[in-house]
Each structure stands twice: as structure tokens, then as C-alpha cells.
1. Looking only at the stretch 45-74, which residues are closer than 17 Å to ASP4 by Cβ, at pLDDT below 85 and not hydroxyl-bearing (Ser, Thr, Tyr)?
2. Just one of the numbered conditions (1) more than 23 Å from ASN20 (Cβ to Cβ); (2) surrounded by 14 or more Cβ atoms within 10 Å (Cβ to Cβ); (3) at pLDDT 95 or above is not true of ARG86; which one?
3. Counting just the residues of the stretch 32-44 that are over 15 Å from LEU13 (Cα atoms) and touching a helix residue (DSSP H, G or I) at 6+ places or on another chain (Cβ under 7 Å), which one comes out surrounded by the fewest Cβ atoms within 10 Å (Cβ to Cβ)?
4. Are there any pairs, at least 6 apart or on different chains, whose C-beta atoms fall under 9 Å, with the first in the stretch 4-30 and at negative phi and the second surrounded by fewer than 14 Cβ atoms within 10 Å (Cβ to Cβ) and of a type in the set (Ser, Thr, Tyr), and if so, which?
Amino acid sequence: MILDSGVQRLKALAAVAIANAAQFRRARRTVRKHNGIKKLVKMLSCVFNSASLKEDQEKDGEVAYHGVLALWSLSKSSKNKKEIYRAGGIPLLGRLLRSPNG
């Protein structure tokens, strides 16, 4: 899946596509059933595990930003909210809010 790609820009674009598609109930369910929520939550952790290079941090920040947008769009479903919680997304979202760039 594209969300597993090593190319940060590709991950960001995939997250944007998911965020847009998540306007539809069927798309939200499909993302959940194919472990997309877990992969999006995993994308958020890259911000905290990134190297100290400024360029890498900016790319990771962009990926995390788009991942958050996708999770927000997916959270219109109560089942998806539970899945975001189970995937460990809540603590990561909290850390992003408290981060200096968040």
C-alpha cells in the first residue's frame, strides 16, 4: 500500500486522497477494514522518530499533517473513532498538539 512507501511525498498524497474520499461512508469503512487507520496513525509517529535534519523534519511534518487530516475525516464514523483509539492515535495526536511545530 502507498502508506507503507518510503517516499514521504507519496505518503502525504495518499493521506490527502484518503481525507477527500472519507467524505463517503463506504470509503471510511473500506479504509478501516483494510488497516488504513493503523497505517495513518503510524505515519504520525514519524514526527517524533525523525532525524535531526531540518529537511527531514519538514517532510515528516507534512506527512503527519496530512495524516491528521485523513484521521479527522475518518473520525466521522464512531467505529473509526474506536479504531483510532485502539491504534494508539490519541496519545500521538496529543503529542502533536503540544509540540512546538504543532
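The values are calculated or read from the model by the stated rules, or taken from the named source; none is laboratory data. Since the structure is predicted, the reported quantities are computational estimates derived from the model, not experimental observations. As a convention, Cβ positions derive from the backbone with ideal geometry for all residues, glycine included, and neighbour counts pool all protein chains shown.
1. Of everything in the stretch 45-74, those that are closer than 17 Å to ASP4 by Cβ, at pLDDT below 85 and not hydroxyl-bearing (Ser, Thr, Tyr) turn out to be CYS46, ASN49, LYS59, ASP60.
2. It is condition (2) that ARG86 fails.
3. Here is the first cut: in the stretch 32-44, the residues over 15 Å from LEU13 (Cα atoms) are 32-35, 37-38, 41-42.
Filter once more, so that each one left must be touching a helix residue (DSSP H, G or I) at 6+ places or on another chain (Cβ under 7 Å): 32, 37, 41.
Details: ARG32: 18, ILE37: 27, VAL41: 22.
Once the filter is applied, the top-ranked residue is ARG32.
4. Within 9 Å, the pairs are LYS11/SER5; ALA14/SER5.
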